[in-house]
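S.K.: My questions all concern the structure below.
Rule-based calculations on the coordinates, nothing more; no lab input. None of these values were measured; they are calculated from a predicted model. Positions of Cβ are backbone-derived with ideal geometry, glycine not excepted, and every protein chain shown enters the neighbour counts.
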There are 2 protein chains.
Amino acid sequence: MPRGKTLSRSRLPIWRWTVVVTQRDVARLAGVSVRTVSNVVNNFAYVSEETRAQVQRALEELDYRPNLAARSLNRGRSNLLALVLPLDVPYFTELAAHVVDQAEERGYTVLIDRTEGVAERERQIIMRRDRSAIFDGFILSPLGLTEDELRRWVGKCPVVMLGEMQVEGVDHVAIDDTAAARCATAHLISLGRTRIAAIGVPHRPLAEAAEVASVARWETSAHRSAGYGQALAEAGLPVRPELAVPVRRYQREDGRRAMERLLDLAEPPDAVFCYNDLLAVGAVRAVLSRGLRVPQDVAVVGFDGIEEGRFANPALTTIAPDKARIAELAVARLLERVEGDQSPPAQMEAPWSLVVDASSTGVPGQAAPEVRG
Amino acid sequence: MPRGKTLSRSRLPIWRWTVVVTQRDVARLAGVSVRTVSNVVNNFAYVSEETRAQVQRALEELDYRPNLAARSLNRGRSNLLALVLPLDVPYFTELAAHVVDQAEERGYTVLIDRTEGVAERERQIIMRRDRSAIFDGFILSPLGLTEDELRRWVGKCPVVMLGEMQVEGVDHVAIDDTAAARCATAHLISLGRTRIAAIGVPHRPLAEAAEVASVARWETSAHRSAGYGQALAEAGLPVRPELAVPVRRYQREDGRRAMERLLDLAEPPDAVFCYNDLLAVGAVRAVLSRGLRVPQDVAVVGFDGIEEGRFANPALTTIAPDKARIAELAVARLLERVEGDQSPPAQMEAPWSLVVDASSTGVPGQAAPEVRG
């Protein structure tokens, strides 16, 4: 019995009473060949429904558990993918749903390893080497890890990265953040706003940011700030440092606090571009709490295109990345890698659109996207 | 080499080029004993930092991967837990964050298997028997499975169930849904409302519901309806069938549509109790879209206490289950089971509170909870 010693029943709870059941035992009980059992266990198609049911009953009766790691070595597949991302931001929850669906269509199951962008948690995930014994591949949206840490890890197993951070040699899916942010800002300018604030700008230069904050979040923030600045420059508007507010996290409460600070200025803004929808939800709350109106007093634009924004009052104007397409590109690429594709790493770009709604125009109802990128 | 044959490099991508590295190889390279390597791999405490770093370097250099299934058989632990629940409802996302935190404090990692309450997906998860080779235990919030299906599965591995559905012999954590729903309805009555609608009531009798819809969701819905009915009866108000609206899912759009129907009645309601916060968000949208006011024309109460509701305009009055406590009870119990506890299954109840806010009283700002259950 090479797979482990049998443990005595008395020392363990019932579910730990592990008798090593082999496919041979199952075959004997089901009255079929070992190959047929293997075909059923591995979900191959060429087994009749009747035989499959017969084997399934035997598997259940004997409580057969395949040795995953051994199976991994023999077949090279577990058909499990890991999705490593924060779930405290609805953008990622919605993206995760698309990834799960896409993978399921192709016969893969996705397990989610949530990080909340905490570098230490991300580090543990990539350090726990047993994970690569479980998973065929990883889709990773790192917020806290440095490029260096990621570079050491990748190459050891198939990985596709999402979001701003790029690592040499790794497949990558993102949208053009700078173009999208420029578009969002230009939309506010087109409405006649001139004092346009930005919530979510980088805290400090990258060199310092790397120590105190998330590198990938810094990158995202920097790209969006670049687009914000470009739009202002194109319209001949000055970039006013007091209107560019950094935040610690991209959560509703951070948006509320940042907007409070902006409203306390001698000359408050007449519009604000928030770097995600949760920040925008918080900003709207701050404006309304002062008895001011959105958008008459302050027009608000978000980023992410989450459902919460569509149902907010007023509904959010936002940049909506095409999440279904991001998921499709990422899953398709990852499975190519799992199946042995060795082509050079690709930088894939997904489309986005500006969805105009009441928080900037005052006109409720989901309009058709005005701009697509 | 009992763990699998070595595969030839040419036939496989680089990350599949599997040389079976043993702890002995690692020990030789690091210049330590096999026992020390084992101690590091298993994260035992009694290894000096220096030695640990030395072994870690050797593990990385050789790309050592522990054989998980074998380790499972030898040690009886993978230190991985599975959390099986839908993530399209923020209540569960927020609950998941608490579960991940609680488990992490105790040295366990949680992987999330999302189901969206789809029975077929839940079925696949519990049928894939290799999952019990990966995970030490399961926390499960089934929405689609029948009690019968669950009963066949449990007992084979440690499971704690969350929510309304109970299965004989399984540990279970929930709140008193009926009492909470009665409290929510009584709150609306205390504000002088008399035509109180309910959104989310069961579609049909359970016998039929079992075929067309989710059993657990039916149970939840039935318990909340019982509380709604009790509060009306206690106040001497009639239960008006036209004010009790079933929904297909517990999503924002379902709430919006249900509220539209209620507003189309000859005598529309002056208040509505929604069976979750997403339904309430949708109901608010429907009321405001008609140029009516919340709460002056229709007061709205939700259920779940999600952050989105606190930042909604108006902010939602809601029943807030104590999610941190639910997670604490579930994780503590599951780990007792993992460690061999064989005591009889427990039905554990977590507290909840009524959080009164602007959607029912018109007074914004998070008041202290008025009622606790």
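S.K.: Quick one: Karplus J couplings for segment A:346-353, per residue in order, coefficients 6.51, -1.76, 1.60, θ = phi - 60°, nearest Hz, x for Gly and Pro?
M.R.: 10, 9, 9, 10, 9, x, 9, 9
S.K.: If you restrict to DSSP beta bridges whose two residues both lie in segment B:201-355, what percentage is antiparallel, to the nearest 5?
M.R.: Details: 4 of 11 bridges.
For segment B:201-355, the DSSP antiparallel bridge percentage is about 35.
S.K.: Provide a whole-number value for the mean count of partner chain Cβ atoms within 10 Å of the Cβ atoms in peptide A:100-109. Don't skip to the answer; put the middle values down first.
M.R.: Numbers: counts 6, 1, 0, 0, 3, 0, 0, 0, 0, 6.
That average works out to 2.
S.K.: Which value, in Å³ per residue, describes the convex hull spanned by the Cα atoms of segment A:225-309? The partial results should precede the final answer.
M.R.: Values: hull volume 8.6 nm³, N = 85.
In segment A:225-309, the Cα convex hull volume per residue is 102 Å³.
S.K.: Can you give me the long-range amide H partners of A:A244? Hydrogens built in the peptide plane at 1.01 Å from N, cutoff under 5 Å, separation of 5 or more residues or another chain.
M.R.: Counting only residues 5 or more places away or on other chains, the set is A:A198.
S.K.: Please sort by residue number the chymotrypsin sites (Phe, Trp or Tyr not before Pro) in segment B:211-296 whose DSSP state is loop and whose Cβ has at most 11 other Cβ atoms within 10 Å. Please list the in-between numbers first.
M.R.: Numbers: sites: B:W218, B:Y228, B:Y250, B:F273, B:Y275; in loops: B:Y250, B:Y275.
Answer by residue number: there is no such site.
S.K.: Put a point 7 Å out from Cα along the line to Cβ at B:G169; what are the distances to that point in the other copies, in nm, shortest first?
M.R.: 5.2
S.K.: I would also like to ask the following. What does the convex hull of the Cα atoms of segment A:218-373 come to per residue, in Å³, rounded to a whole number? All intermediate terms of the calculation are to be shown ahead of the outcome.
M.R.: Values: hull volume 21.5 nm³, N = 156.
That works out to 138 Å³ per residue.
S.K.: Follow-up. Residue-wise, which Karplus ³J(HN,Hα) couplings in Hz belong to segment B:295-305, taking 6.51 cos²θ - 1.76 cosθ + 1.60, θ = phi - 60°, and x for glycine or proline?
M.R.: x, 3, 8, 9, 7, 10, 10, x, 7, 2, x
S.K.: Further question on the same structure: Given an 8 Å cut-off on Cα distances and at least 6 residues of separation, report the relative contact order of segment B:285-350 as a percent.
M.R.: 22
S.K.: How far is B:S343 from itself in the other copies, in nm, if each label sits 7 Å out from Cα along the Cα-Cβ line, shortest first?
M.R.: Ordered by distance, the counterparts are at 5.9 nm.
S.K.: Other chains near B:245-257: what is the mean number of their Cβ atoms within 10 Å of each residue's Cβ?
M.R.: On the way: counts 0, 0, 0, 0, 0, 0, 2, 4, 3, 0, 1, 1, 0.
Per-residue shielding by partner chains comes out at 1.
S.K.: So, one more: Could you order peptides B:286-299, A:187-200, A:337-350 by the average number of other Cβ atoms within 10 Å of their residues, highest first? Provide the component values of the computation, followed by the final result.
M.R.: Details: B:286-299: 18.0, A:187-200: 21.4, A:337-350: 14.2.
Packing proxy ranking, top to bottom: A:187-200, B:286-299, A:337-350.
S.K.: Within 10 Å of each Cβ of B:307-314, how many other protein chain Cβ atoms are there on average?
M.R.: Details: counts 7, 9, 0, 3, 12, 6, 9, 2.
Other-chain Cβ atoms within 10 Å of each residue's Cβ, averaged: 6.
S.K.: Suppose you put the label 7 Å out from Cα in the Cβ direction; list, shortest first and in nm with one decimal, how far B:P364 is from each other copy's label.
M.R.: 1.7
S.K.: Still on this structure, please answer the following. Using modelled backbone amide H atoms (1.01 Å from N, in-plane), which distant-in-sequence or interchain residues come within less than 5 Å of A:V84's amide H?
M.R.: Correct list: A:D113, A:I139, A:L140, A:S141.
S.K.: Can you give the percent of C-alpha pairs in segment B:282-373 whose distance is more than 16 Å?
M.R.: On the way: 2544 of 4186 pairs.
Pairs farther apart than 16 Å: 61 percent.
S.K.: Let me ask you something else. Can you list residues whose amide H is under 5 Å from A:W352's amide H, if they're 5+ apart or on another chain and H is modeled 1.01 Å from N?
M.R.: So A:W352 has HN proximity to A:D322, A:G373.
S.K.: Apply the Karplus curve 6.51 cos²θ - 1.76 cosθ + 1.60, θ = phi - 60°, to the phi angles in segment B:173-185 and return the couplings in whole Hz, x for Gly and Pro.
M.R.: Rounded to whole hertz, the list is 10, 7, 10, 7, 4, 5, 4, 5, 5, 4, 4, 4, 5.
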